[in-house]
1. Which condition from (1) modelled with pLDDT of 85 or more; (2) in contact with an Asp or Glu (Cβ under 9 Å, 6 or more places away or on another chain) is the one that Tyr297 breaks?
2. Every residue in region 251-293 that is of a type in the set (Lys, Arg) and without any contact (Cβ under 8 Å) to a residue 40 or more places away in the chain, please.
3. Restricting to region 345-377, what's the tally of residues that are surrounded by fewer than 19 Cβ atoms within 10 Å (Cβ to Cβ) and without any contact (Cβ under 8 Å) to a residue 24 or more places away in the chain?
4. Please enumerate the residues belonging to region 352-368 that are β-branched (Val, Ile, Thr) and more than 15 Å from Phe424 (Cβ to Cβ).
5. Can you name every residue in region 50-63 that is touching a residue at least 60 places away in the same chain (Cβ under 8 Å) and either under 18 Å from Val228 (Cβ atoms) or assigned to a helix (DSSP H, G or I) (or both)?
6. From Leu368, Leu402, which residue is assigned to a helix (DSSP H, G or I), in the same structural domain as Asn420 (by TED's automatic domain parsing) and either touching a strand residue (DSSP E or B) at 6+ places or on another chain (Cβ under 8 Å) or farther than 21 Å from Leu478 by Cα (or both)?
7. I'd like to verify a number: residues in region 378-390 that are touching a residue at least 40 places away in the same chain (Cβ under 8 Å) and under 23 Å from Gln429 (Cβ atoms), how many?
Amino acid sequence: MKSIILDTTCPESSTYSSPCPESPKEWSVNLSTTKCLKLTRPLLAKIHKLVDLHDKNPTQFQFDVNRCSLLHKKALDSFINPSTSQQRLLELRPFLQTEVFEAFCEIFMNFKKLTAVLFDMDLNPKRKRHRTGPIQHSLLCIPGANVPRLTTLAALKMGKSIALGTKTSFQRINQAMAFNPDTFPQHLRQYCDDLEDNIEPWLSMEPQPIFGRYTNTLLFGYVIHILVMHLNTLFYTLIPVLLHWLEECRVPVVRCFFSSYWNFSRTDGDLKNFQDLLTLTCESSKDTFWLFYKNGYWQNLVTTLQLTSSNTSRYDVYCQFHALMLDAFSNTDKLDIKRDRLKETYRLMRLNSQYSRNSAILTCIIALFIESNSRGLAMATLSKDTHNTLLKTYVKTAEFALQWLALNDNCIFHFQDNGNIQIFNSLLQLSAFNHKQSNKIVDYLLKHSSRRKIQHLITQILDLDARICALAMAIQALRSFYLNVPFKGGFNKVLPEDVAESFRRIFEDDLHGSVYQDFLDWLSESNDANLNDLGESILERFCDLKGATKRRRLI
């Protein structure tokens, strides 16, 4: 299909917990291609209109985070825990522009009508209340089970290929072709040969005896991925309404829709070739994500939808909401290195120190450190600006080391995690890079400024550089201890006393218990004289602070 077929493997297993009926019914009818085009046309038209509006005035789509954060208790309870999908939509009204809210209402109605046809549902609320179980079709779910068939998951995932492989999915192509096809923008012409004109060729794929059975599922996958593609800019607060509606109707694929929504990332490799067609910024949605986490919106939504993380099973001891949040934190669209948000991320990781995706989250945190550090250095116009950037990165790196490697039972580090070596290496490389930057700025100041005028700044930078180097040596020692690998080299110009001081400064309140004692034993028994000296220096600095340490001596 013109080169846009994506990987249709779907790792997310549905954990929808509602019981299946004993006699699942088949599709009443598979839709014709003409009917599919007719069903999706109103929804696409409204989405294109909103994309055009966003391109002209993106601020109009910003959710009013400040106003929402000031809700009093009764209003907040109503907002975070609505009883119906309709109420969930109405609760958004005060925080959205009128035009946007009205468009959301229209899209919600179009989505309900489309879903009713695809899943053979009755939209009459009175009749809907008499349903005793979820809508189950033998093509969708395994009879008597609570998980979709693999063919259903594949068809839904293929909906992403349809969404990305069709010109009608993208407002910018539609607009260019409709108004002036003869002067089609050069940067968009590459897509004309690669994309289909509409979804008809996709729904007519051979062999039809197989693909024809899943027309409805393919179309639903197409629709949800069209919505998710515009998640960060348009529909971040609307999709929970749609999910709530599907849960009310007991549609068994709600888990798959939620997974696409929750795990969406602007860095998704499938979107790499569509940068000219989509706006993938995430800053406004990131603030909304953290507000909804703080006020309990996400937790109530997860409860309403009866969801669990795809990275755990029902037998795991993890709090499933914590697991879902950690899933989200492994995505840089949602992870944030602002102090309060990073602190909360570390807290959840400590509570779930053996969670399978912790290493991925730690890697993302370091990537954000590096990005922030590089951006700060690039924007610096004064030597003091460079110093401030290096200082901020040092503080964040030291806090990272404390949370990950604290010498007690509450640290995040787990020896079985994949990626431990890479995380250690990344920390050391970041420290080495900033050490070089410190030396460069000192050399520059000495050559181009009066020493008397900038002596104080030079002293600050040299002091910071000493701390950066000492922290790097401390991390090297901890790498050797935790991973049982050789200690690489000595401390060069960094004295063991300075490294011990780094330990004191960072780990002072967390050095206790058997792990700390094991670390001291390891230092004393090492064949490396530098590590022996470090152990003695640590002992000296903590003898006045820790009674247990005071009574201990290295052998």
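The values are calculated or read from the model by the stated rules, or taken from the named source; none is laboratory data. Values in this document were obtained by computation on a predicted structure and should not be read as measured data. Glycine gets a Cβ as well: all are built from the backbone with ideal geometry, and neighbour counts include every protein chain shown.
1. If we test Tyr297 against (1) modelled with pLDDT of 85 or more; (2) in contact with an Asp or Glu (Cβ under 9 Å, 6 or more places away or on another chain), just (2) comes out false.
2. Listed by number, the list holds a single entry, Lys272.
3. The total comes to 5.
4. Of all residues in region 352-368, those β-branched (Val, Ile, Thr) come to 361, 363, 365-366.
Matches in region 352-368: Ile361 only.
5. Of everything in region 50-63, those that are touching a residue at least 60 places away in the same chain (Cβ under 8 Å) and either under 18 Å from Val228 (Cβ atoms) or assigned to a helix (DSSP H, G or I) (or both) turn out to be Leu50, Val51, Asp52, His54, Asp55, Pro58, Phe61, Phe63.
6. Exactly one of Leu368, Leu402 is assigned to a helix (DSSP H, G or I), in the same structural domain as Asn420 (by TED's automatic domain parsing) and either touching a strand residue (DSSP E or B) at 6+ places or on another chain (Cβ under 8 Å) or farther than 21 Å from Leu478 by Cα (or both), namely Leu368.
7. Looking only at region 378-390, we keep the residues that are touching a residue at least 40 places away in the same chain (Cβ under 8 Å), and these are 383-384, 386-387, 390.
Now narrow it down to the ones that are under 23 Å from Gln429 (Cβ atoms): 386-387, 390.
Total satisfying the criteria: 3.
For every residue, the table says whether it meets (1) of a type in the set (Val, Ile, Thr); (2) more than 28 Å from the chain's Cα centre (by Cα).
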site: Asn418; (1), (2): no, no
site: Ile423; (1), (2): yes, no
site: Leu427; (1), (2): no, no
site: Ser450; (1), (2): no, yes
site: Gln460; (1), (2): no, yes
site: Leu471; (1), (2): no, yes
